[in-house]
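The values are calculated or read from the model by the stated rules, or taken from the named source; none is laboratory data. Predicted, not measured: the structure shown is a model, and the values here were computed from it. In this analysis, Cβ positions are derived from the backbone assuming ideal geometry, glycine residues included, and neighbour counts consider all displayed protein chains.
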Amino acid sequence: MSKIKYLKSLLETKEISCVELTKKYLNSIEKQNNIINAYVNVTVEEAIKTAKKVDEKIAAGEKLMPLEGIPMSRKDNISTKNIETTCCSKMLQGYYPIYDATVWKILQDQNSVLLGKTNMDEFAMGSSCESSIYGATLNPHNTDYVAGGSSGGAAASVKGNMAAFGLGSDTGGSIRQPASFCGLVGFKPTYGTVSRYGVVAYASSLDQVGPITNSVEDAAIVYDCLSLFDPKDATSIGSKISTVDKLNSSIKGLKIGIAEEYFEGINEDIKSSIDEAIKAYEDAGAQIIHFQMPKLHAVLPVYFIISCAEASSNLGRFDGIRYGYKTDSYKDIEEMICKNRSEGFGKEVQRRMLLGTYVLSSGYYDAYYKKAQNLRYSIIQDFKKIFESCDVILTPSVPVTAFKKGEALIDPIATYMMDICTVPVNIAGLPAISVPCGFDRNKMPIGMQLIGNSFEDYKVLNAAYQYEKQTKNIGETSSYPEVEI
Amino acid sequence: MSYELVAGLETHIELSTNTKIFCQCTTAFGGEPNTHCCPICMGMPGTLPKLNKKVVEYAVKAGIAVNCKIRNISKMDRKNYVYPDLPKAYQISQFDKPICYEGYIKLSSGKSIDINRIHIEEDAGKLIHERGGTYIDYNRGGVPLIEIVTEPDFRSIDEVLEYLEKLRLIMKYIGVSDVKMQEGSLRCDVNISVRKKGEEKLGIRTEIKNMNSLNFIAKAMEYEFERHVDILESGGKIEQETRRYDSELNITESMRGKEDADDYRYFRDPDLVNINVSEEEINRLKDELPQLPDEKMHVFMNVYGIPKDDAELLIKYKKIAEYFEEASKDIKNKKLASNYILGQIFRRLPTDWEKEECGISIPPEYLSELISLIESKKITSSMASTALEKMLDSGKSVREFISENDMQGIDDDVLKEICMRAVSENQEAVKSYLGGKEKAFSSIIGYIMKETKGKADPQKAAEIVKEIIN
């Protein structure tokens, strides 16, 4: 039984009240968070308030909604009315949104219990949480390592039994990479299926909200709740398909595509784990199809040009005038804005905004931004072609396992390169999942990525689910020591 | 050496949709500062724009009305620049694929002013400098605008003014904007250059930004034209720059030079999807358009026989033109209706605003009824005038003031008798008239009208009087 289902059954059979369950999680946070640093803001009152509401419903014998009473965490870039939302930046410390993000509204309607807001790289730019103003999030699997990023806090909150599931956002791998590093499931849905309204934008054409969970089934449960059409988001389409209902489809004859370019330069341990996974699929009757993806080499520059360009525009609004960080002394408005931004934004954010400003500047636009857009279009076409003959594509989630603390900061370019497997998915707006598929020689988790065609999220989830079931490698989800009931 | 003025216009028109371009806030003018705002038009982090469909419809209507082609697929772009009245640090606008392109407006001379493009964009907030500080009012932020850009086709200030009057009238007629210049719902940037007469090559241009009065536009252009000429005459060079007009000093002054020009880093707004306008949709909107002022002018002059100056006056106010059409619908002598409106009725609507609002106390049917009584010779025009005054005072129909009895007219013999009395009692006037003073004759007729309480047909009376005198 998946964690969410398990906890719900405990609530429904009244083995534990929602307030008790919530307190157990809050205790777990209290015990571990000073080391792990998963949460930047724990919302005790909010959590207990919701839990009480759920207990009343249970007492009244009402049926619970899929995520009702389930304690969860949320990345700090998802706006919550009257709850500080900082994007882990000095720029937004003390900023309390005046409205709710749509995904939060959905979870509120579900009476999902918000435990708090989780750590992330500043404005979701990074892959180790180390660009957060609150410092790195450590990997609960082994605290010598980071939890990854940018949704590192979300992953750590789930891995450390500090939340039943976490909501993250994924612009270039920010859900899948930390899930992979922590040995969890991370699902980045098709662009447009989950509303972006209220998620502080990094790169609007790439950002997508999704769950980090202990199991594929949990990911499907959360995704089904979140994938509603949102009239407030012009790019929202939503999804009417229940992916949970499709989880038991057979994968006999499922066509799995493998492109060798995805395996270039990955370490031996990862290679052999993925090979085993491929074998497991073959054993289950799936068909392996090899194809080539020569444009994979172009993907990183395309990603960085587009994401930085959009970020440079999206983050222009943070001038410290109406909200956010304000410098102490200035002589005029121009100096004030300059100082607010120079002092309020961290190095990585400034680097990406400068890069983005540059590629959009007149005289450079054609050479960079326009070319990147053209390439993006042709990469989308390539994927379309591949999905004519494949159901899903299988790749490593990340070419490496978790970084040691401080490692990612040494060489930003080398760190950027680690996004090679996750980034193409965002460029093409596709759904993709990272599922645990083994451990390296240091016993750090390895993640396998499954990519699907647009709006075939159910295929991705089912393929992952079947693997999980077959290998029983369900990310240690069979035990729930933290709840101890 | 004589110089020629060359100018092109960028006109911003606020669309009169009920809600803003990307959110549900009201577009109403005024209001306490920052009360017509929401997280979306305030650009709060995480908010997203959703394009108001009405804005697209209005822009397409505007495009059709000025003979533009309409793009079936267009998109929105971001224009990035930092200014406190722009809370997102970018304005959502259209860059390389404006929704309408290649149109024109014909001036009365027959000359066409070519329209390069019309695009959709959002308005910014307003800075208020007060009590030693600067305040921001975001009420206007997110109000939908169209920007209409002409080619540099203007050769005189008069052409510019005529174009703007025409543009205003068209937008008013099709109902996409209330085009109130004093409220800033029509604002203009003028690009201006000069060259020696007969020369092909355009001179270096300057741009005068953001003017909202025809009077200021004329004055600013005049000043700027002379400034250019003076510089050229003294052997100088024009700087390409953006200038502002100071109406108090009646000068233009530099805002920023070419080097300081912003690099707007335009790129497609990833938060918004394509704007699709099908041919069917375009046709539907075309069918919804009312008769445009030029067409109306043609009908008024050539079909109704209204003199040009009068027709222009009627058309200048959409509601007045409609009132006229309604009032003259069932009568043959349309000009009579026009005369009553432009004469007695306009006297009661002294301001532009009152004419614009067509604040006439009687419905057009009442005027129509009055005129048909004249046409059927049941009452005289003199009776009609008197009655109309009473009607306008009370808002009541002509039947309240003229009885069946009044409409009987006057027996020919009785009229003859009165005419003879008029001649005998006005000998002085008769003498003057016979002495060549035409004016004196009307005092004799006036006497008759008074005696008959206006019931006499003045023409008939005149004939009888002349018979008697001669």
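Structure data summary
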quantity: Matching residues in the stretch B:307-333 - criterion: being at pLDDT 95 or above and in a loop (DSSP other than H, G, I, E, B); calculated: B:P307
quantity: The stretch A:264-280 residues that are part of a helix (DSSP H, G or I), paired with ones that are exposed (fewer than 13 other Cβ atoms within 10 Å of the Cβ) (beta carbon under 6 Å, 6 or more apart); calculated: A:D269/A:R441
quantity: Candidate set: the stretch B:267-283, residues that are farther than 19 Å from A:A309 by Cβ and in a loop (DSSP other than H, G, I, E, B); chosen: the one farthest from the chain's Cα centre (by Cα); calculated: B:N274
quantity: Residue that is nearest to the other protein chains (Cβ to nearest Cβ), among those in the stretch A:322-334 that are acidic (D, E) and within 17 Å of B:D85 (Cα to Cα); calculated: A:E334
quantity: Filtered residues of the stretch A:190-238 (kept if small (G, A, S), touching a strand residue (DSSP E or B) at 6+ places or on another chain (Cβ under 7 Å) and touching a residue at least 60 places away in the same chain (Cβ under 8 Å)); calculated: A:G198, A:S215, A:A219
quantity: Long-range neighbours under 7 Å by Cβ, at least six apart or interchain, first residue within 8 Å of another protein chain (Cβ to nearest Cβ) within the stretch A:355-370, second aliphatic (A, V, I, L, M) and crowded, with 19+ Cβ neighbours inside 10 Å; calculated: A:L360/A:A309; A:Y369/A:I305; A:Y369/A:A309; A:Y369/A:V359; A:Y369/A:L360
quantity: Test: residue in the stretch B:393-400 that is loosely packed, with under 14 Cβ neighbours inside 10 Å and touching a Lys or Arg at 6+ places or on another chain (Cβ under 9 Å); calculated: yes
quantity: Single residue of A:K75, A:K105, A:K81 found to be of a type in the set (D, E, K, R), within 14 Å of chain B (Cβ to nearest Cβ) and surrounded by 24 or more Cβ atoms within 10 Å (Cβ to Cβ); calculated: A:K75
quantity: Matching residues, the stretch B:265-281, being more than 14 Å from B:S74 (Cα to Cα), more than 14 Å from chain A (Cβ to nearest Cβ) and in contact with a helix residue (DSSP H, G or I) (Cβ under 8 Å, 6 or more places away or on another chain); calculated: B:E281
quantity: Criterion violated by A:G173 - all others in (1) touching a residue at least 24 places away in the same chain (Cβ under 8 Å); (2) farther than 18 Å from A:I451 by Cβ; (3) part of a loop (DSSP other than H, G, I, E, B) satisfied; calculated: (2)
quantity: Unmet requirement for A:S313, which otherwise passes all of (1) away from chain B (no Cβ under 14 Å); (2) closer than 22 Å to B:K88 by Cα; (3) polar (S, T, N, Q); (4) touching a strand residue (DSSP E or B) at 6+ places or on another chain (Cβ under 8 Å); calculated: (1)
quantity: Lone qualifier among B:D230, B:D262 - being within 14 Å of another protein chain (Cβ to nearest Cβ) and more than 27 Å from the chain's Cα centre (by Cα); calculated: B:D262
quantity: Condition check for A:T235: surrounded by fewer than 24 Cβ atoms within 10 Å (Cβ to Cβ) and within 14 Å of another protein chain (Cβ to nearest Cβ); calculated: yes
quantity: Residues that are closer than 22 Å to B:N80 by Cα and in a strand (DSSP E or B), drawn from the stretch B:245-264; calculated: B:M255, B:R256, B:G257
quantity: Number of the condition not met by B:I192 [criteria: (1) part of a helix (DSSP H, G or I); (2) aliphatic (A, V, I, L, M); (3) more than 21 Å from B:S93 (Cβ to Cβ)]; calculated: (1)
quantity: Complete set of residues in the stretch A:1-41 that are under 24 Å from A:T143 (Cα atoms) and either surrounded by 21 or more Cβ atoms within 10 Å (Cβ to Cβ) or in contact with a helix residue (DSSP H, G or I) (Cβ under 6 Å, 6 or more places away or on another chain) (or both); calculated: A:K3, A:Y25, A:L26, A:I29, A:Q32, A:N33, A:I36, A:N37, A:A38, A:Y39, A:V40
quantity: Leading residue by the ranking (farthest from the chain's Cα centre (by Cα)) among those in the stretch A:281-298 that are crowded, with 17+ Cβ neighbours inside 10 Å and modelled with pLDDT of 95 or more; calculated: A:A286
quantity: Subset of the stretch A:214-232 (residues that are within 14 Å of another protein chain (Cβ to nearest Cβ) and farther than 18 Å from A:D170 by Cβ); calculated: A:F229, A:P231, A:K232
quantity: Of all residues making up the stretch B:419-447, the number that are aliphatic (A, V, I, L, M) and in contact (Cβ under 8 Å) with a residue 40 or more places away in the chain; calculated: 3
quantity: The stretch B:201-226, residues that are more than 14 Å from B:I157 (Cβ to Cβ) and either free of Cβ contacts under 8 Å to residues at least 24 places away in the same chain or not aliphatic (A, V, I, L, M) (or both); calculated: B:K201, B:G203, B:R205, B:T206, B:E207, B:K209, B:N210, B:N212
quantity: Test result for A:I98, farther than 25 Å from A:S28 by Cα, free of Cβ contacts under 8 Å to residues at least 60 places away in the same chain and β-branched (V, I, T); calculated: yes
quantity: Candidates A:V158, A:V200, A:V244, A:V209 - the one that is hydrophobic (A, V, I, L, M, F, W, C), crowded, with 24+ Cβ neighbours inside 10 Å and more than 16 Å from A:N119 (Cβ to Cβ); calculated: A:V209
quantity: Hits in the stretch B:70-80 (condition: in a loop (DSSP other than H, G, I, E, B) and either out of contact with any Lys or Arg (no Cβ under 9 Å at 6 or more places or on another chain) or modelled with pLDDT under 95 (or both)); calculated: B:N72
quantity: Any hit, the stretch B:114-124, residues being surrounded by fewer than 17 Cβ atoms within 10 Å (Cβ to Cβ), away from every other protein chain (no Cβ under 14 Å) and touching a residue at least 12 places away in the same chain (Cβ under 8 Å); calculated: yes
quantity: Criterion violated by A:T190 - all others in (1) within 14 Å of chain B (Cβ to nearest Cβ); (2) in a loop (DSSP other than H, G, I, E, B); (3) touching a helix residue (DSSP H, G or I) at 6+ places or on another chain (Cβ under 8 Å) satisfied; calculated: (1)
quantity: Yes/no for A:A309 being modelled with pLDDT of 95 or more, surrounded by 15 or more Cβ atoms within 10 Å (Cβ to Cβ), closer than 30 Å to A:Y364 by Cα and more than 18 Å from the chain's Cα centre (by Cα); calculated: yes
quantity: Qualifying position, being surrounded by fewer than 18 Cβ atoms within 10 Å (Cβ to Cβ) and under 26 Å from B:H119 (Cα atoms), among B:E151, B:E222, B:E233; calculated: B:E151
quantity: Residues of the stretch B:6-44 satisfying the condition of being in a strand (DSSP E or B) and either within 13 Å of chain A (Cβ to nearest Cβ) or out of contact with any Lys or Arg (no Cβ under 6 Å at 6 or more places or on another chain) (or both); calculated: B:V6, B:A7, B:G8, B:L9, B:E10, B:T11, B:I13, B:E14, B:T19, B:T26
